[in-house]
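Below is one structure, written out as structure tokens; the observations come after it.
The values are calculated or read from the model by the stated rules, or taken from the named source; none is laboratory data. In this text the structure is predicted, and so the values were computed from the model without any measurement. Here the Cβ is made from the backbone with ideal geometry for all residues, glycine too, and neighbour counts use every protein chain on show.
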Amino acid sequence: MLVARSMHPDWLSNAYALAAEEGGPAVFVDSGADIEPLVAAVESWGARPVALLRTHAHPDHVVNEDELAGRYEIPVVAEPGEWEWEGLRVRGLATPGHSDDHVSFVVGDEVVATGDVLFRDAVGGGDLPQVRSSVMNVLLALPDTLVVLPGHTEETTIGREREANPFVRVWSGAVSEGTERVRVAGRDAALVVWSPDYDGKGKAWVRFDDGTDAIVGGSRVERA
């Protein structure tokens, strides 16, 4: 699989170009970063763009969508399903939680673009039960060898996240939930999971004293 990545310098959001081989069909994934490196990559491969895959509609992932889709007159694919273009196979998997419209895309048998649901060492914020289901029941059901192309910063693999992701380790029962006392926006809570995150500020799963759970950015958590 040929893969090119462009990352926005401030949002740290990724956009990708992928092709099975030189001279064949290619797809883009998201469009929140500078598209010129992706255009250059596709042209260097002699590939023919056939679709723009959208993981979700947040601005940091779609800001250049009209320009990129319009340049090649290709459709925007933003729903679950299966497609094939001259041997380039794509599966769209519903992975809600970070957003209701979130879709992850398996391209060939080698990579999965997970948008803002699964990152290296972290998961996306949003509806916690939905995020958990999307990660554990959908993405972690994929082969360990699949390369994960996340919506922000560095790639990983399904196998690595199964073994090392702090959220996954708790959800799978490999380690126990944390109990450290913290405060979030003035509310007392227990810190169930703390993980690194792509922005360097960490990501947390907290349980407030009223029993509600939330995934929040680490900068919101006051630790002793």
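Does the range 45-66 hold any residues that are of a type in the set (A, V, I, L, M, F, W, C) and either outside any strand (DSSP E or B) or crowded, with 22+ Cβ neighbours inside 10 Å (or both), and which are they? Those that are of a type in the set (A, V, I, L, M, F, W, C) and either outside any strand (DSSP E or B) or crowded, with 22+ Cβ neighbours inside 10 Å (or both): Trp45, Ala47, Leu52, Leu53, Ala57, Val62, Val63. Picking from residues in the range 14-25 that are buried (at least 17 other Cβ atoms within 10 Å of the Cβ) and in contact with a Ser or Thr (Cβ under 9 Å, 6 or more places away or on another chain), the one that is nearest to Gly87 (Cα to Cα) is Ala17. Among Ala69, Ala33, Ala15, which is the only one that is in a strand (DSSP E or B) and modelled with pLDDT of 95 or more? Criteria check complete, one pass: Ala15. Residue pairs whose Cβ atoms lie under 6 Å apart, separated by 6 or more positions or on different chains, with the first residue in the range 85-113 and more than 16 Å from Phe28 (Cβ to Cβ) and touching a residue at least 60 places away in the same chain (Cβ under 8 Å) and the second surrounded by fewer than 16 Cβ atoms within 10 Å (Cβ to Cβ) and not aromatic (Phe, Trp, Tyr), are Glu110/Met1.
Scan the range 99-151 for residues that are modelled with pLDDT of 95 or more, at negative phi, of a type outside the set (Gly, Ala, Ser) and assigned to a loop (DSSP other than H, G, I, E, B) and the total you get is 13.
The set of residues from the range 52-78 being of a type in the set (Val, Ile, Thr) and farther than 21 Å from His152 by Cα comprises just one member, Ile74.
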